[in-house]
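The values are calculated or read from the model by the stated rules, or taken from the named source; none is laboratory data. Note that the structure is predicted; figures quoted are calculated from it, not measured. Cβ coordinates were reconstructed from backbone atoms using ideal geometry, including for glycine residues, and neighbour counts include every protein chain displayed. Ligands, DNA and RNA are stripped out before the accessible areas are found, and what is left, the full protein with its side chains, is counted by its heavy atoms. Shrake-Rupley method; radii C 1.70, N 1.55, O 1.52, S 1.80 Å.
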Amino acid sequence: MSIIKNEFEKMNISKIKKAKNVKKLTMITAYDALFAKLFEEIADIILVGDSLNMSFAGKPDTLSATLEQMIYHTNAVCNGAKEAFVVIDMPFGTYINKDEALKNAVKVYQETNAAAVKIEGGEDRADIVSHLTSNSIAVMGHIGLMPQYVRSEGGYKVRGKTQEDKEQLLRDAIAIEKAGAFCIVIEGVMSDVAQEITKAVSIPTIGIGAGKETDGQVLVWSDMLGFFEEFKPKFVRHYLDGATLVKDAVSNYKSDVQNKTFPSKEEEY
């Protein structure tokens, strides 16, 4: 099996924006120093997603993630991957208005080395995005299926199925771009609609469950590496059977302990 050598280039806002129509951007989540270090020289962007609330806290959705949690995990990621371009999800309730959003985003900047924050919402949040960007906070937008809207919208629903919704999504993307966002995540959107959105804006789009015609892709690492066993979303591709590999390894460890083959003489002091 060959290992592809990645030509690492430390990213910044300008490089990310210039990547549109030049190269596909790769974004992956990370929540700790260990995995962040593994991803550092491969991914263009590391996202400290509020998805950690589901993947690692066992919650049914992302809504109970706190700013303190997100700051803690962002510091861990930044410590593990000092050269990475790190984006932090602003959790639910931390940007209910312009003033709250700025106060909390400033706290993130002061207490972490995150390069940018990510905010869910389209036209309805454009004024907040504008307020942040005009105060030197870099913002990644997020439109389409938005996990923080799950309760108000009655579940996770694919967007862009109707002409009316397609037009709304286009307005959302354009509004977020005009507000100063440097990039937009498009989640759970019909692929043809995501392609139209990508063509309609001059900043990169990063898809998740939005087809291959966006300017990049993002996946939750525990989904992509097969550690999350409860369910597999349609848009996820498993690049590793992580759960089985870990279970087998721990079973082997247990067996070695019980039959006294671990530790060996070579592993003793």
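Assorted remarks:
- Compared with the dominant Cα axis of the chain, that is its longest principal axis, helix 191-200 is turned about 60°.
- Translational diffusion of segment 1-81 was estimated from the Stokes-Einstein equation, with Rh taken as the Kirkwood radius over Cα pairs; at 25 °C and 0.890 mPa s the coefficient is 175 µm²/s.
- Heavy atoms of ASP256 accessible to a 1.4 Å probe, total area in Å² rounded to 10: 60
- For segment 1-104, a simple Cβ point-charge model (Lys and Arg +1, Asp and Glu -1, everything else neutral) yields a dipole of about 500 debye relative to the Cα centre.
- In the assembled protein chains, PHE92 presents an accessible area of approximately 110 Å² (probe radius 1.4 Å).
- Accessible surface of the chain [probe 1.4 Å, protein heavy atoms]: carbon and sulfur percent: 53
- Working note: Karplus 6.51/-1.76/1.60 with θ = phi - 60° gives segment 123-132 the couplings 3, 5, 10, 4, 5, 5, 4, 4, 5, 5 Hz, where Gly and Pro are set to x.
- Size estimate for segment 228-269 follows the Kirkwood approach: the inverse of mean 1/r over distinct Cα pairs works out to 12.8 Å.
- Per-pair calculated FRET efficiency, R0 = 22 Å: THR133 and LYS212 via Cβ, rounded to 0.05: 0.15
- DSSP-defined antiparallel bridges as percent of all bridges, segment 23-177, nearest 5: 5
- For segment 189-269, the relative contact order works out to 18 percent when only alpha carbon pairs closer than 8 Å and six or more residues apart are counted.
- Spin-label pair ASN252/LYS23, simplified geometry with 7 Å Cα→Cβ offset, distance in nm: 3.5
- Modelled label reach - PHE262, point 7 Å along Cα→Cβ, segment 231-246 residues with backbone N closer than 16 Å: 244-246
- Share, in percent, of DSSP beta bridges within segment 67-158 that are antiparallel, nearest 5: 10
- Karplus (6.51, -1.76, 1.60) ³J(HN,Hα), θ = phi - 60°, over segment 90-100, in Hz, Gly and Pro reported as x: 7, x, 3, x, 9, 9, 6, 8, 4, 5, 5
- Probe 1.4 Å, all protein chains present, accessible-area order of PHE39, PHE56, largest first: PHE56, PHE39
- Ordering ALA126, GLN195, VAL106 by Cα displacement along the dipole of segment 102-248 toward the positive end leaves VAL106 in first place; charges were set at the Cβ atoms of Lys, Arg (+1) and Asp, Glu (-1).
- Point-charge dipole on Cβ atoms (K/R +1, D/E -1) for the chain, about Cα centre, debye to 20: 440
- Packing, taken as the mean count of other beta carbons within 10 Å per residue, orders the peptides 137-145, 216-224 from highest to lowest as 137-145, 216-224.
- The Cα-based radius of gyration of the chain, divided by its Kirkwood radius, gives an Rg/Rh of 1.02.
- With DNA, RNA and ligands ignored, accessible area of LYS161 (1.4 Å probe; Å², nearest 10): 150
- Heavy-atom accessible area, probed at 1.4 angstrom with all protein chains present, ranks ARG237, ARG171, ARG159, ARG125 as ARG237, ARG171, ARG125, ARG159, highest first.
- Amide proton proximity set for LEU47, modelled H, under 5 Å, gap of 5+: ILE28, THR29, ALA30, VAL87
- In this structure the chain gives 53 Å² per residue of accessible area when probed at 1.4 Å with all protein chains present.
- Relative contact order (%) - the chain, alpha-carbon pairs under 8 angstrom, separation at least six: 16
- From largest to smallest, the equivalent ellipsoid semi-axes obtained for segment 33-154 from the alpha-carbon gyration tensor read 22, 18, 13 Å.
- Remark: accessible surface ordering of PHE182, PHE228 (largest first) is PHE228, PHE182, probe radius 1.4 Å.
- Charge-dipole axis of the chain as Lys and Arg at +1 and Asp and Glu at -1 on Cβ define it, positive-most pick from VAL246, GLY144, ASN53: GLY144
- Using the Cβ-Cβ distance between HIS238 and LYS98 with R0 set to 51 Å, the FRET efficiency from 1/(1 + (r/R0)^6) comes to roughly 0.80.
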